[in-house]
Structures are given as C-alpha cells and as structure tokens.
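Since the structure comes first, as structure tokens, the remarks are kept for the end.
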Amino acid sequence: MNLNFIGMVDEAKAGNRTDKTTGVVTSFTHVTATFEATDKDGYLVKSTENIQLDINELGVMQGAKGKYASFPYTVINSKNGTYVFPSSDLKVQIFDKNPFDTKK
C-alpha cells in the first residue's frame with residue numbers, strides 16, 4: 001500500500017550513516033517537512049516529519065524550501081508488524097502552494 005505525507009519543506013541537507021558492522025558510509029538527503037491545517041472545530045493540527053531520501057534528491061529538495069511536497073511512502077503489513085518507509089518507486093511531487101488550501 002502507498003500513502004503520501006504532504007507538507008512544506010522546511011529544510012533539506014545532506015546526512016551520513018555508517019553501518020556498524022561493515023563500516024560502510026551511506027549518504028542521504030535529510031528533509032524536514034511540516035503539515036499544517038485546522039480541524040473541523042478550528043483547532044490547529046500540525047505534524048513535522050524528518051524524511052530520508054536518496055542523496056541524488058538533495059538539489060531538488062534544497063530548491064523546494066518554502067514549497068509544498070508530497071512524499072510517497074510504502075506501507076508493508078506483516079506478521080511482525082507494520083512498516084512505513086519512503087518509497088523509492090514513486091517520485092516526490094513539488095507544489096508552489098498548499099494543495100489542500102481551499103481559501104479564496
């Protein structure tokens with residue numbers, strides 16, 4: 001199953017991860033994105049996610065700061081639990097404004 005997190009790109013930077021057993025260093029793009037809306041009673045709902053993408057996405061994500069992005073996730077349900085991780089099969093979609101903003 002696929003789902004999307006849609007939020008404003010707050011920050012994008014390069015990160016590194018070292019495999020403890022092999023010592024291999026892997027680079028990635030670290031993105032901080034925030035979803036903001038109001039619920040049916042008018043209360044603020046805010047969710048900030050830290051998302052790891054392929055290092056090749058760094059330039060695109062740095063150029064998307066202040067814009068909205070839809071980050072695809074893959075959800076896998078197994079007997080050991082539910083796992084959610086960024087999808088490498090689908091591309092991140094960038095929007096100039098919030099696609100959910102219905103204000104005129």
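The values are calculated or read from the model by the stated rules, or taken from the named source; none is laboratory data. Keep in mind it's a predicted model, so treat the numbers as computed, not measured. Glycine gets a Cβ as well: all are built from the backbone with ideal geometry, and neighbour counts include every protein chain shown.
Summary of values
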read-out	value
Which listed residue, of Phe28, Phe71, is assigned to a strand (DSSP E or B), of a type in the set (A, V, I, L, M, F, W, C) and over 16 Å from Phe100 (Cβ atoms)	Phe28
Lone qualifier among Lys20, Lys97 - being touching a residue at least 12 places away in the same chain (Cβ under 8 Å) and not aromatic (Phe, Trp, Tyr)	Lys97
The stretch 51-68, subset modelled with pLDDT under 95 and assigned to a strand (DSSP E or B), residue farthest from Val9 (Cα to Cα)	Asp54
Meets criteria (in contact (Cβ under 8 Å) with a residue 12 or more places away in the chain and closer than 19 Å to Ile6 by Cα) for Phe28	no
Single residue of the stretch 27-49 satisfying the filter (surrounded by 11 or more Cβ atoms within 10 Å (Cβ to Cβ) and of a type in the set (S, T, N, Q)) that is nearest to Phe95 (Cα to Cα)	Thr34
Residue within the stretch 50-71 that is of a type outside the set (A, V, I, L, M) and under 18 Å from Met1 (Cβ atoms) present	yes
Residue in the stretch 85-104 that is over 14 Å from the mean Cα position of the chain (by Cα) and in a strand (DSSP E or B) present	no
Every residue from the stretch 69-86 that is more than 13 Å from Asp10 (Cα to Cα) and buried (at least 16 other Cβ atoms within 10 Å of the Cβ)	Ser70, Phe71, Pro72, Tyr73, Pro86
Residue list for the stretch 29-61, filter: under 14 Å from the mean Cα position of the chain (by Cα) and β-branched (Val, Ile, Thr)	Thr29, Val31, Thr32, Thr34, Thr48, Ile51, Ile55, Val60
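Residues checked against (1) farther than 21 Å from Ser70 by Cβ; (2) of a type in the set (Val, Ile, Thr); (3) at pLDDT 95 or above:
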site: Asn4; (1), (2), (3): no, no, no
site: Met8; (1), (2), (3): no, no, yes
site: Glu11; (1), (2), (3): no, no, yes
site: Ala14; (1), (2), (3): yes, no, yes
site: Gly23; (1), (2), (3): yes, no, no
site: Ser27; (1), (2), (3): yes, no, yes
site: Ala33; (1), (2), (3): no, no, yes
site: Lys40; (1), (2), (3): yes, no, no
site: Val45; (1), (2), (3): no, yes, no
